[in-house]
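Step one of this worksheet: look at the structure below.
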Amino acid sequence: MNNRIYRKIKGFRDIFGNEIYYWHIVEDKFKKIFSLYGYEEVKLPVIERVEVFNKGLGDTSDIVDKEMFSFIDKDNKTVALRPEGTASVARFYIENGLFNDNKVDKFYYYGPMFRRENPQKGRFRQFYQVGVEAIGSSSALLDSEVIKLFSDFFDSFNTKLDIRLEINSIGCQMCRQSYIVALSDYLKEESNNLCENCNNKLQSNPLRVLDCKNIRCRDALENAPKIDKFLCGECKNHFQKVKDYLNRFNINFLVNLKLVRGLDYYMRTAFEMITDHFGPALAIGAGGRYDGLIKQLGGPDVPGIGFAIGIDRLVTLLKEVNEISGELKFFIAYQNSNQIDSVICLLKELRENYLNTITDFDGKNLKNQLKMANKYSVDYVIILGDDEIKGQYVTIKNMKNGEQYKFSRENVAIVIKNKFINGGVNCFQ
Ligand code: HAM
């Protein structure tokens, strides 16, 4: 026999048990909220031709430069596991000729993304994103609606998350160019105070130096030129309108003039939802406008904007601020096997009423069934013993505090719901 135990690959993980409950809550939330704003789901392949990302995200982005899982397939084509969804949506949009419909197309997607980053807290090599893309308008009103949706999603959790919305305008090709020249001049003067990575970035993509987390680099950037002074009239006007609309939507935001995004397709509005939970300033969601992307990938010149939220990071945050872990679970324990018809009948009734219920299959004695219920971490055991069957009632034991209740068997599922569920036990309702 081969006794070798296989272990998962570095940066990949199994997600199971208690944590799954949070994933389901998050999935339910985004489906509801995104459809309120008119977004429809698109299921995209996890593998694309590598050019979709090389061209879309830009050769100097970290993702293309060093983080992509790409390989040559048997037909000699280089393919990549998708590192993000926006370039794939652009490919899909062009391939299906959706630009002919003369409307703003709104899509959302959900699934695993792959980046060969250094695994650490909140950073995995396979992680999940839910993202939205709104393609077909360059209006600042659309920017603010997308940011409003982004912010609504985070607000939809009853619990207060320690997060902040930051926005910026990174200008268009034209005005960004003059900013990059000024920034590069400044950074060259400071190069001795910058880390090695920033010195490399200074050559390939100076804007990225702005979001280095190294304290020395941050100090060196203190007096760096700010992008707002370089925005052209149109970009300035667009950004002002976005901010005005956000105020009208009553959204709290901070303007962070150092906010730049790591992918080349962005222009004008950029935004991030930041938390300090995993270390200084990590984004749990981010997005921006990408008006040149569709053209860059061979389509017509159609503008777009969107965002993606990192579900792994969000779930970690939610788990740590909520003590309550899951929906209530019930276990039916019975005294002897000739009561199985009553067990089946009660199981059916409880499940039809959306109560999570399990039982014992093997006819163990009552004591062992109670032990088993404990192992399943159920909240309540519903006991069907001889006395209960004869007297047409059930005994319910609270496994956390040992309290017991007796309820008439008639309509017991409804009674349980009223007593245990509708009392606001679930923090996510
Ligand atoms: P991004 O900033 O690269 O943007 O990723 C969005 C979110 O994905 C991040 O804020 C983070 O929460 C999560 N994320 C990224 N990398 C990892 C990782 N290694 N481990 C865990 N979570 C991670 C994009 O991907 C753009 N496509 C967003 C967008 C959509 N822009 C316009 N439309």
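None of the figures in this text is laboratory data; all of them are computed from the coordinates on show. Just so it is clear, the structure is predicted and the values come from calculations on it, not from any experiment. FYI the Cβ positions are ideal-geometry reconstructions off the backbone, even for glycines, and counts take in every protein chain you see.
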Average projected area [Cα convex hull, the chain], square nanometres: 28.0 nm²
Selection of trypsin sites (Lys or Arg not before Pro), segment 349-396, meeting DSSP coil and at most 15 other Cβ within 10 Å: Lys364
Within segment 342-429, GluC sites (Glu not before Pro) in DSSP loop having at most 14 other beta-carbon neighbours inside 10 Å: Glu403, Glu410
Farthest toward positive dipole pole in segment 98-177 [+1 Lys/Arg, -1 Asp/Glu at C-beta], among Leu142, Tyr128, Leu98: Tyr128
Alpha-carbon Debye profile of segment 254-344, log10 I(q)/I(0) at 0.13, 0.22, 0.26 Å⁻¹: -0.64, -1.08, -1.28
In degrees, nearest ten, helix 140-155 long axis to first principal axis of the chain (Cα): 30 degrees
Dipole in debye (nearest 20) - segment 136-291, about Cα centre, beta carbon charges: Lys, Arg +1; Asp, Glu -1: 160 debye
Over segment 268-374, relative contact order from alpha-carbon pairs under 8 Å, at least 6 apart, %: 17 percent
Order by protection proxy (mean Cβ within 10 Å, highest first), peptides 223-232, 98-107, 263-272, 6-15: 263-272, 223-232, 98-107, 6-15
Linear extension gain, Lys348 paired with Asp28, 0.36 nm per residue minus alpha-carbon span: 112.7 nm
DSSP-defined antiparallel bridges as percent of all bridges, segment 126-285, nearest 5: 85 percent
Cα extents of segment 203-309 along the three principal axes, largest first (Å): 43, 39, 30
Ranked Leu366, Leu259, criterion: other C-beta atoms within 10 Å, fewest first: Leu366, Leu259
Net lengthening on full extension, Lys66/Thr78 (0.36 nm per residue, minus Cα-Cα): 2.8 nm
Taking segment 102-145 and dividing mean pair separation by its residue count, relative contact order in percent (alpha carbons under 8 Å, at least six apart): 45 percent
On Cα atoms only, tilt of 86-95 relative to the major axis of the chain in degrees: 80 degrees
Residue order, fewest to most surrounding Cβ atoms within 10 angstrom, among Lys31, Lys77: Lys77, Lys31
By average C-beta atoms within 10 angstrom, highest first, the peptides 40-51, 235-246: 235-246, 40-51
Highest to lowest packing among 249-258, 305-314, scored as the average C-beta count within 10 Å: 305-314, 249-258
Sequence-separation-based contact order of segment 88-180, relative, with Cα cut under 8 Å and 6+ spacing, percent: 21 percent
Within segment 97-127: backbone nitrogen closer than 18 Å to the Tyr37 label point (7 Å, Cα to C-beta): 104-111
Using alpha-carbon coordinates, inclination of helix 18-36 to the longest axis of the chain, degrees: 60 degrees
Alpha-carbon gyration tensor eigenvalues x 5, square-rooted, for segment 353-423, Å: 19, 16, 11
Of Lys106/Lys148; Lys121/Lys213; Lys31/Lys258; Lys375/Lys397; Lys329/Lys400; Lys55/Lys243, those spanning more than 22 Å from alpha-carbon to alpha-carbon: Lys31/Lys258; Lys55/Lys243
Residue-averaged [θ]222 nm for the chain, counting only DSSP H segments that reach four residues, each worth -39500 (n - 2.57): -10500 deg cm²/dmol
Inter-label distance, nm, simple model (7 Å from Cα along the C-beta direction), Tyr405/Lys121: 4.0 nm
Where a label projected 7 Å from the Cα of Lys10 along Cα→Cβ would reach, residues of segment 84-128 with amide N under 13 Å: 116-120, 125
